[in-house]
Amino acid sequence: GGALVAGGMASAEAAMLAARRAAEALRLAGHATATHFSEEVEINDYPQHARWKATHKESLSAIVEFCDVCITAKGVYVKPGLQPPAGERKLYLLIEGEGEMKVKSAVQQLKKLLQEATLESDDNKRPLFSKYTV
């Protein structure tokens, strides 16, 4: 059993080394970093409903497909008035794509989604029915 694990580790290391060499070759050719753009949108301080919507796959799929970007939730939720734990950041979204306009468009759509979800969550605070007297 141990030899199999060791052999797997060696091939994994070899694959990582090959990937690093390929990435380095791309960087030298000027392809990888010149077209890769990323931007961050902090979502920690939005209401829970807005944060949920901004991290839910079904809400993001249209933005991801339309703008051809990748959206990743990062960081940890930090309650208002508190600081994030050491080495951590407040909850945010990392938007990455092959073109600056694609990323900027995705950021605009995400901010619109967050604003709309914030308004929805404000509406949810109103009672659906109220008591009345006759």
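Quick note: the coordinates plus some simple rules give every number you see, no bench work behind them. Computed from a predicted model, the values in this text were never measured in an experiment. Backbone-built Cβ (ideal geometry, glycine too); neighbour counts: all protein chains shown.
The fraction of Cα-Cα pairs per 5 angstrom bin, counted from 0 for the range 45-96, comes to 4, 19, 26, 22, 15, 9, 5, 1 percent, rounded to whole percents.
Per the Debye formula with a single identical scatterer at each Cα and no solvent contribution, what log10 I(q)/I(0) holds for the range 36-75 at q = 0.18, 0.34 Å⁻¹? Treating every Cα as an identical point scatterer, log10 I(q)/I(0) equals -0.53, -1.25. Summing +1 for each Lys or Arg and -1 for each Asp or Glu among the other residues whose beta-carbon sits under 11 angstrom from that of P80 gives +1.
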